[in-house]
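Below is one structure; the comments refer to it alone.
The values are calculated or read from the model by the stated rules, or taken from the named source; none is laboratory data. If you're wondering where the values come from, they're calculated on a predicted model, not measured in any experiment. Positions of Cβ are generated from backbone atoms using ideal geometry, with glycine treated the same way; all protein chains shown enter the neighbour counts.
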Amino acid sequence: MGEHPTTAEIDLQALDQNLAQAVFCARGRPILGVVKANAYGHGALPLARRLSIRGVQMLGVAFLNEGIELREGGITLPVLLLAGCFREEVAEVFEHRLIPVVYDQSVVEALGRVASSRGGVCPVHVKADTGMGRIGLREKEILSFVERAAATMGIRVEGVLSHFSEADIEDRSSASEQIRRMREIRQGLMDRGIQIPFYHMANSAAVMDLPAAHLDLVRPGLMLYGYSPFEKRSPLALRPILGWFTRISALKRVPAGTPISYGRTFVTQRESLIATVPIGYADGYPRSLSNRGEMIVRGIRVPVVGRVCMDMLMLDVTEVPGLSAHERVTVLGEDGGESIFADELARRSGTIPYEILCGIGRRVARYYRDPGEGTAGSKGG
């Protein structure tokens with residue numbers, strides 16, 4: 001009662017199937033399931049719970065607050081803070097048993113002091129910048145950094161990781177160079193007598209199609225949610241796990257020459273039936289899809305007409321017979337013989353599927369269902 005009529009439905013069985021493909025590709029290596037950014041818009045806590053019971057060994061988030069959310073929700077798996085932490089956050093990192101990525105000596109020292117003062121040890125993963133140019137240490141810095149970190153009281157160096165800048169394109173020269181640099185770092189640390197359990201850099205693209213990058217652990221993200229990072233090909237058959245739906249709030253028959261929405265960017269060329277639906281850019285539907293997007297009504301694709309508003313947009317449903325108000329509209333998903341998924345929306349709006357999924361707003365309620373268990377659906381996320 002009183003809920004926003006625009007909702008998302010997440011198929012947990014499809015998540016299981018996508019995870020199974022990641023497990024197959026990993027060939028026995030541990031899986032770190034990436035659930036940062038609210039599990040790419042799907043709901044971090046419900047998906048973390050599902051991945052936990054399906055055998056994932058570790059979870060990855062970006063920031064401290066995301067890790068705390070998982071801990072407060074009962075998640076006990078190791079949780080890696082992929083973006084690291086600030087010095088003022090180290091006490092909470094230790095308190096919530098989170099594993100920070102580190103690349104700043106002052107943070108390592110602060111973590112060590114907190115852990116030692118509380119009679120414990122804080123595991124860390126050191127970030128290597130092998131070509132991304134974002135965070136992390138270059139090759140000439142990382143060996144001595146890891147050596148100092150390993151000698152710091154209260155610190156256990158559990159991993160060294162890196163991040164690809166372009167593992168999802170046909171030209172593998174850059175990715176291969178990053179793998180080479182990572183292997184050199186590993187050999188250099190082994191030569192210094194430093195044994196580290198986990199070297200890792202394989203994102204979804206590398207999990208799917210770059211086995212040389214698998215090393216000791218893999219980090220699938222986008223592929224778990226049913227999308228391939230490759231634009232032109234996909235070596236696996238993945239199933240998008242999220243459907244996005246709304247309802248018709250108003251139907252209006254208008255004559256030719258009627259302007260629709262802000263700015264008069266669309267004017268009807270015929271007598272038209274216009275449906276208003278309660279979804280807009282505040283819900284994550286891109287404004288760039290004004291006069292460019294499509295949705296599905298009764299198995300028929302219908303165009304978005306006029307500018308997308310904050311809370312509403314309009315559809316030309318003239319070609320849909322027998323339509324009435326309050327009927328369901330598919331934003332993402334399948335209806336009849338038609339389907340629209342995030343990769344299509346991304347192409348139409350000039351972005352990537354990650355942004356479409358992560359952009360689905362918090363006021364859009366997520367419902368979780370497991371067809372294999374006969375579960376109709378539970379709310380969360």
Exercise. Looking at region 103-120, which of its residues are surrounded by fewer than 16 Cβ atoms within 10 Å (Cβ to Cβ) and either modelled with pLDDT under 95 or part of a loop (DSSP other than H, G, I, E, B) (or both)?
Worked result: Arg118, Gly119, Gly120
Exercise. From the list Ala48, Ala91, which residue is part of a helix (DSSP H, G or I) and either surrounded by 22 or more Cβ atoms within 10 Å (Cβ to Cβ) or in the same structural domain as Glu334 (by TED's automatic domain parsing) (or both)?
Worked result: Ala48
Exercise. With (1) surrounded by fewer than 15 Cβ atoms within 10 Å (Cβ to Cβ); (2) in contact (Cβ under 8 Å) with a residue 40 or more places away in the chain; (3) not small (Gly, Ala, Ser) as the list, and Lys252 as the residue in question, which single condition is left unmet?
Worked result: (2)
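Conditions tested, residue by residue: (1) touching a residue at least 40 places away in the same chain (Cβ under 8 Å); (2) under 30 Å from Gln21 (Cβ atoms); (3) in contact with a Gly (Cβ under 7 Å, 6 or more places away or on another chain).
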{"site": "Thr152", "(1), (2), (3)": "yes, no, yes"}
{"site": "Arg172", "(1), (2), (3)": "no, yes, no"}
{"site": "Glu177", "(1), (2), (3)": "yes, yes, yes"}
{"site": "Gln195", "(1), (2), (3)": "no, no, no"}
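Yes/no per residue for (1) touching a helix residue (DSSP H, G or I) at 6+ places or on another chain (Cβ under 6 Å); (2) buried (at least 19 other Cβ atoms within 10 Å of the Cβ); (3) not in a loop (DSSP other than H, G, I, E, B):
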site	(1), (2), (3)
Glu166	yes, no, no
Ile169	no, no, no
Arg180	no, no, yes
Arg186	no, no, yes
Met201	yes, yes, yes
Ala205	no, yes, yes
Pro220	yes, yes, no
Phe230	no, no, no
Pro240	no, yes, no
For this session: Kindly establish whether Leu289 is within 18 Å of the chain's Cα centre (by Cα) and surrounded by 15 or more Cβ atoms within 10 Å (Cβ to Cβ).
Result: no
Problem set entry | region 17-64, residues that are more than 22 Å from His163 (Cβ to Cβ) and of a type in the set (Ser, Thr, Tyr) | Ser52
For this session: Tell me which of these Thr6 doesn't satisfy, since it passes every other one: (1) under 21 Å from Val218 (Cα atoms); (2) buried (at least 21 other Cβ atoms within 10 Å of the Cβ).
Result: (1)
Problem set entry | Residue that is modelled with the lowest pLDDT, among those in region 353-372 that are closer than 15 Å to Lys36 by Cα and charged (D, E, K, R) | Arg362
Problem set entry | Pairs where the first residue, in region 197-226, is over 23 Å from Glu158 (Cβ atoms) and the second is surrounded by fewer than 20 Cβ atoms within 10 Å (Cβ to Cβ) and at pLDDT 95 or above, C-beta under 6 Å, 6+ apart | Gly226/Arg239
Exercise. Among the residues of region 255-307 satisfying the criterion of being touching a helix residue (DSSP H, G or I) at 6+ places or on another chain (Cβ under 8 Å) and without any contact (Cβ under 8 Å) to a residue 24 or more places away in the chain, which is nearest to Arg363 (Cα to Cα)?
Worked result: Arg287
Exercise. Do we find that Val277 is among the hydrophobic types (A, V, I, L, M, F, W, C), within 20 Å of Gly333 (Cα to Cα) and at pLDDT 95 or above in this structure?
Worked result: yes
